[in-house]
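One structure below.
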Amino acid sequence: MNNYLVVDASLTLRILTPHPERAFFRALFDQWRQEGLALCAPSLWTYEVTCAVTKLVRFDQIAADQGRKTVQLIQRSAIQLFEPDDLLIERAFAWTLQLQRAAAYDSFYLALAEQLKCDLWTADQRLANAANQPWVHFASPAS
């Protein structure tokens, strides 16, 4: 493995928005930074996280002002975003078929980690279980 680490939207949302286990996820991110890991994601991360924050505001789970501040944090995020190239798109498509999913969002995270030869961390247990790869990790205080 190298100094890259792919993080998905589900994981970063646990830090950016109110969550009962927010301290655990912040500590995880702090640990990765101390280890010198470059956090990265496919460019769709921005859309996914912004969409999730918008949904939280729309359904009154957070105030609009807090949503705006969170969107500003997203814009200043230290997460390195990767635009899809032909290989990434092909691998994401293959992962989507393999996982028998209707949408390819999660598959882009898998394909990027595969392409960068690094670990992927997620707060989505279904994704981690479905991928069933040693380099895909489910982040949870219980794990």
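Nothing in this text is a laboratory measurement; each read-out follows from the coordinates by a stated rule. Being a predicted model, the structure only gives us computed values, none of them experimental. Every residue, glycine among them, receives a Cβ derived from its backbone with ideal geometry; neighbour counts consider all protein chains shown.
Scanning region 93-143 for residues that are among the basic types (Lys, Arg) and either under 16 Å from GLU48 (Cβ atoms) or within 15 Å of the chain's Cα centre (by Cα) (or both) yields ARG101, ARG126. I'd like the full set of residues that are closer than 17 Å to THR46 by Cα and of a type in the set (D, E, K, R), limited to region 61-75. Those that are closer than 17 Å to THR46 by Cα and of a type in the set (D, E, K, R): ARG68, LYS69. A single member of LEU44, LEU97 is in contact (Cβ under 8 Å) with a residue 12 or more places away in the chain and either small (Gly, Ala, Ser) or within 27 Å of SER107 (Cβ to Cβ) (or both), and it is LEU44.
The set of residues in region 33-72 being within 16 Å of the chain's Cα centre (by Cα), of a type outside the set (D, E, K, R) and surrounded by fewer than 15 Cβ atoms within 10 Å (Cβ to Cβ) consists of SER43, TYR47, CYS51. Helices (runs of 4 or more DSSP H) fully within region 1-71 that include at least 2 residues being β-branched (Val, Ile, Thr) and in contact with a Leu (Cβ under 9 Å, 6 or more places away or on another chain): 9-16, 44-58. When residues in region 70-94 are screened for being among the basic types (Lys, Arg) and touching a residue at least 12 places away in the same chain (Cβ under 8 Å), 1 of them pass.
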